[in-house]
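J.: The structure follows.
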Amino acid sequence: MSLDEAKTEFNADGGWTTPDGREIGEVVMEMKNITLKFGGVTAISDISFDIRKGEIRAIIGPNGAGKTSMLNVINGFYHPQEGQIIYRGKARSKMRPYEAASTGISRTFQNVALFAGMSTLDNIMAGRQLKMHKNFFWQMLRFGPAMNEEIENRKFVEEIIDFLEIQAIRKTPVGQLPYGLQKRVELGRALAAEPSLLLLDEPMAGMNSEEKEDMSRFILDVNDQFGTTIALIEHDMGVVMDIADRVVVLDYGKKIADGFPSEVQANQAVIDAYLGVAH
């Protein structure tokens, strides 16, 4: 049975079982007719697609296609003028990024956004902020309940450090790290929030081939071992075709294709967009 034949054996909820045994389940987020404008410029025009539980969903397209704008809509940084976002079965109003984070949405950024003077450990601990519930008074005392809470959260962060194989740099200020390792630390900080939906904005930008292989492996392991649903933007088509379950393609703010990797790869509109064929 071919890969596509395996993927088209849909379950009752519209999901499927991948050839490697992962279960792609129900829709967790649906973007319905999203339009985003900045003044007279339309960044996203009437785009609809969904993200299913347990999948790796890629958003691709040439520069200026609207990919990062779409990710910013998903995590509440931008609010579309038209359309609707349905998350976990409920229509979402103008949710702010911190509210999105509290509902299980975490993200990394196209340009690394770490605290350069802080260590790897402390940067990842910053991602646990929403999981720490003791008030400021107890945290200042560093005694009793607050201390116990910090110990538990540090234990979780150390597990992430082990998972990402960055034990050797746990106490190193991230500003001293090479770019590839900084991207890995940023992934660790996003994982520290224990997201159910992880948004990755060009996680392999600026990396060499070996670093891309490592990051691809970690993304696949996060999806497989933690069961985390992932939506990512990536320019490397080879990487996308290797790790994504489904791909949505944007060009000039419009959706031009959506489907399994092999379907998208063979789509003439996608080929034209990446070759720069005039519209």
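The values are calculated or read from the model by the stated rules, or taken from the named source; none is laboratory data. As the structure is a prediction and not an experimental result, all values here were calculated from the model. When we count neighbours, we look across all protein chains shown, and the Cβ atoms used for this are built from the backbone with ideal geometry, even at glycine.
J.: Working only within the stretch 165-196, note down all residues that are in contact with a Gly (Cβ under 6 Å, 6 or more places away or on another chain) and among the hydrophobic types (A, V, I, L, M, F, W, C).
T.: Across the stretch 165-196, the qualifying residues are 192, 193.
J.: Kindly indicate which of 125, 147, 132 is closer than 19 Å to residue 191 by Cβ and modelled with pLDDT under 75.
T.: After applying the criteria, what remains is 132.
J.: Going through the stretch 149-198 one residue at a time, which ones are among the β-branched types (Val, Ile, Thr) and either assigned to a helix (DSSP H, G or I) or in the same structural domain as residue 51 (by TED's automatic domain parsing) (or both)? Outline the logic, then answer.
T.: Initially, the stretch 149-198 is screened for residues among the β-branched types (Val, Ile, Thr), giving 151, 157, 160-161, 166, 169, 172, 174, 185.
Once the filter is applied, which keeps residues that are among the β-branched types (Val, Ile, Thr) and either assigned to a helix (DSSP H, G or I) or in the same structural domain as residue 51 (by TED's automatic domain parsing) (or both), the stretch 149-198 yields 151, 157, 160, 161, 169, 174, 185.
J.: Something else now. Considering only residues of the stretch 82-114 that are touching a strand residue (DSSP E or B) at 6+ places or on another chain (Cβ under 8 Å) and charged (D, E, K, R), which is nearest to residue 189 (Cα to Cα)?
T.: 107
J.: Any chance you could count how many residues in the stretch 254-268 are small (Gly, Ala, Ser) and modelled with pLDDT of 95 or more?
T.: As a first pass, look at the stretch 254-268 and keep what is small (Gly, Ala, Ser): 257, 259, 262, 266.
Then drop every residue that is not modelled with pLDDT of 95 or more, which leaves 257, 259.
So the count comes out to 2.
J.: Give the stretch 42-61 a look and list any residue that's closer than 27 Å to residue 23 by Cβ and not in a strand (DSSP E or B), or say none.
T.: Residues satisfying the conditions are 53, 54, 55.
J.: Take residue 214 and tell me if it is part of a helix (DSSP H, G or I) and more than 28 Å from residue 274 (Cα to Cα).
T.: No; evaluated as a whole, the condition is false for this residue.
J.: How many of the residues making up the stretch 228-252 are modelled with pLDDT under 95 and assigned to a loop (DSSP other than H, G, I, E, B)?
T.: 4
J.: Name the residue that is surrounded by the fewest Cβ atoms within 10 Å (Cβ to Cβ), counting only residues in the stretch 228-279 that are within 30 Å of residue 191 (Cβ to Cβ) and acidic (Asp, Glu).
T.: Going through the qualifying residues, I end up with 242.
J.: To continue, here is another question. Which of the numbered conditions does residue 71 fail, given that it passes all the others? Conditions: (1) surrounded by 14 or more Cβ atoms within 10 Å (Cβ to Cβ); (2) closer than 20 Å to residue 243 by Cβ; (3) free of Cβ contacts under 8 Å to residues at least 24 places away in the same chain.
T.: Only one criterion in (1) surrounded by 14 or more Cβ atoms within 10 Å (Cβ to Cβ); (2) closer than 20 Å to residue 243 by Cβ; (3) free of Cβ contacts under 8 Å to residues at least 24 places away in the same chain is unmet by residue 71, namely (3).
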